[in-house]
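Take a look at the structure below.
Derivation of every value follows stated rules applied to the coordinates shown; laboratory data play no part. Bear in mind the structure is a predicted one, so any value in this text is a computation, not a measurement. For neighbour counting, all protein chains shown are included, and Cβ atoms are generated from backbone atoms with ideal geometry for every residue, glycine included.
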Amino acid sequence: MKTSLTTFEHRIRDWLLDLLHSQWRALGVPVSAGQPARGEEAIDPEALLWCSLEFFPTQPRLKEQALAWWSENSQAVLVPRIRKFTQGGDDPRELIWHALDKQWWKSPKPPKTPCYGQKSVGELKSFCADLEHQAGQKAELRQQPGKAENTNATVILRARDLLGNDARHFILMYLLANHGSAKLRSVAAWSGQSYRNISKVAQRWEAAEVLTVEHGFARLKNTAVWESLLGLRPPKIVLLNWQRFYDSCIKLLRSIEKASAKSLPADGPVVTGLIREATDEATASIESEPSADSATVQDLKLLLSKL
C-alpha cells in the first residue's frame with residue numbers, strides 16, 4: 001500500500017475542491033485558491049453549483065462565494081435543471097437546495113446520511129435551518145463577482161446570452177463539441193432535457209436551415225459562423241457531463257470516508273472496486289468526440305492510480 005486510506009481521501013477532497021474553486025474563478029468569483037480552469041473544458045453552471053452544495057456545510061467560504069455569484073447571475077442558472085438533479089433520491093444536497101429554492105414545491109425527506117465531512121443528519125438539518133434563514137440575503141464579499149473569463153470554459157454562458165436558456169443552446173454546445181454533428185438522444189442525456197423537447201427544437205432549427213436532422217442525427221450547416229459568434233478558440237470545446245463526473249467524485253469520497261471509519265484495507269476488494277467504478281465513470285463523462293481528451297479526467301485517473 002503506497003498511501004493510507006485517510007491520506008488518500010484527503011488528497012481526493014483537496015483535488016476536487018481545487019477544481020471547484022478554479023471553475024468558480026473562471027466564472028468571475030474572486031477566488032485566490034485553485035489552479036486555473038482548463039480553458040478548453042466547458043463549465044456547466046448547474047452541475048458546478050450542485051456539486052458545490054456538498055461542501056457548503058464544511059466550506060463556508062465556498063458557500064459564500066457560490067451564493068454571491070448566483071445572486072449576481074441568477075438569470076444564467078437554470079433552476080428547473082438543478083431540481084432534476086435531485087431526482088436520484090436520498091441525496092443530502094436535496095435538503096440544502098430546498099433551503100435555497102423558495103419556489104420549489106417539493107418537500108424532501110431527510111436523507112439517511114449527511115453531506116461529506118458531516119457527522120450526522122441532525123448536523124445537516126441544523127445547517128439547512130441556518131441557511132434557510134440566511135436565504136435571500138445578499139452575500140457580502142470583500143470583492144464582488146466580476147466578469148467571466150473569455151475562454152472556451154465559459155462558452156455555455158455566452159451561448160445562453162446569445163440564444164437564451166432554452167434547449168437551443170444545449171443543442172448548439174453539443175454539436176460544436178462533436179465536429180458539428182451528434183445524436184439528439186445524446187444531447188438530451190447530457191443536458192437533462194427531454195428527448196421530445198430537444199427533437200422539437202431541432203426540427204424548428206431545421207426549418208430555419210440552421211441544421212439538418214435525419215433519423216435522430218443532427219448536423220450543423222455552418223459551424224464556423226457559430227464558432228465566430230461565440231468566440232471559440234482552438235482546439236474548440238471539450239465537453240463533459242459534469243454532473244456525472246462530479247457525482248462520481250462525491251460518491252467516492254463518501255464511500256472512502258465510510259471505508260476508512262470501518263478500517264477497511266486500502267488494497268481490499270471494496271476500496272479497489274470503488275476506485276475502479278469512479279475511474280470508469282470519469283472516463284464515461286467525456287461527451288466530446290473520442291479524440292477530444294479531457295485533462296481533468298486524466299488528472300483524476302492519475303490521482304486514483306496512486307493509492
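Ranked by Cβ crowding within 10 angstrom, fewest neighbours first, how are Thr151, Thr283 ordered?
With the fewest neighbours first, Thr151, Thr283 line up as Thr283, Thr151.
Sort Glu214, Glu46, Glu123 by Cβ crowding within 10 Å, fewest neighbours at the top.
In increasing order of surrounding Cβ atoms, one gets Glu214, Glu123, Glu46.
Can you give me the distance in nm between label points at Asn222 and Val270, each placed 7 Å from the Cα along the Cα-to-Cβ direction?
6.0 nm
Report the relative contact order of segment 1-138, percent, no decimals, based on alpha-carbon pairs under 8 angstrom and at least 6 residues apart.
Reported as a whole number, the value is 18 percent.
Extending each Cα 7 Å along its Cβ direction at Arg11 and Asp280, get the distance between those two points in nm, one decimal.
It works out to 2.3 nm between the two label points.
Quote the relative contact order of the chain in percent (integer), defining contacts as alpha-carbon pairs under 8 Å separated by 6+ residues.
Result for the chain is 23 percent.
Could you compute the net charge surrounding Leu131? Neighbours are other residues with a C-beta less than 14 Å from the C-beta of Leu131; K and R count +1, D and E count -1.
-3
Sort the following peptides by mean Cβ neighbour count (other Cβ atoms within 10 Å, averaged over residues), highest first: 95-103, 217-225.
Highest to lowest by the protection proxy: 95-103, 217-225.
Quick one: among Val155, Val210, Val29, which has the greatest mean-square fluctuation in a GNM of the chain with alpha-carbon springs under 10 angstrom?
Of Val155, Val210, Val29, the most mobile in the Gaussian network model is Val210.
Normalised by the number of residues in segment 152-230, what is the relative contact order in percent for Cα pairs under 8 Å and 6+ residues apart?
29 percent
Distance check, please: which entries in Lys106/Lys236; Lys147/Lys236; Lys200/Lys236 exceed 29 angstrom between their Cα atoms?
From the list (Lys106/Lys236; Lys147/Lys236; Lys200/Lys236), the Cα-Cα distance tops 29 Å for Lys106/Lys236.
If the elastic network links every pair of Cα atoms under 10 Å, which of Leu162, Leu172, Leu274 fluctuates the most in the Gaussian network model of the chain?
Highest fluctuation of the listed residues: Leu162.
Identify all lysines with a Cα-Cα distance to Lys109 below 21 Å; exclude those on the same chain that are fewer than 8 residues away in sequence.
Lys84, Lys119, Lys125, Lys251
Rounded if a/c is under 1.5, else prolate if a/b beats b/c, else oblate: with a ≥ b ≥ c from the C-alpha gyration tensor eigenvalues square-rooted, which is the chain?
Prolate, since a/c reaches 1.5 and a/b exceeds b/c.
Build a GNM of the chain with springs between Cα atoms under 10 Å: which of Leu252, Leu27, Leu229 gets the top mean-square fluctuation?
Leu229
Given points 7 Å out from each Cα along the Cα-Cβ axis, report the Ala207 to Gln87 separation in nanometres with one decimal.
According to this spin-label approximation, the distance is 2.6 nm.
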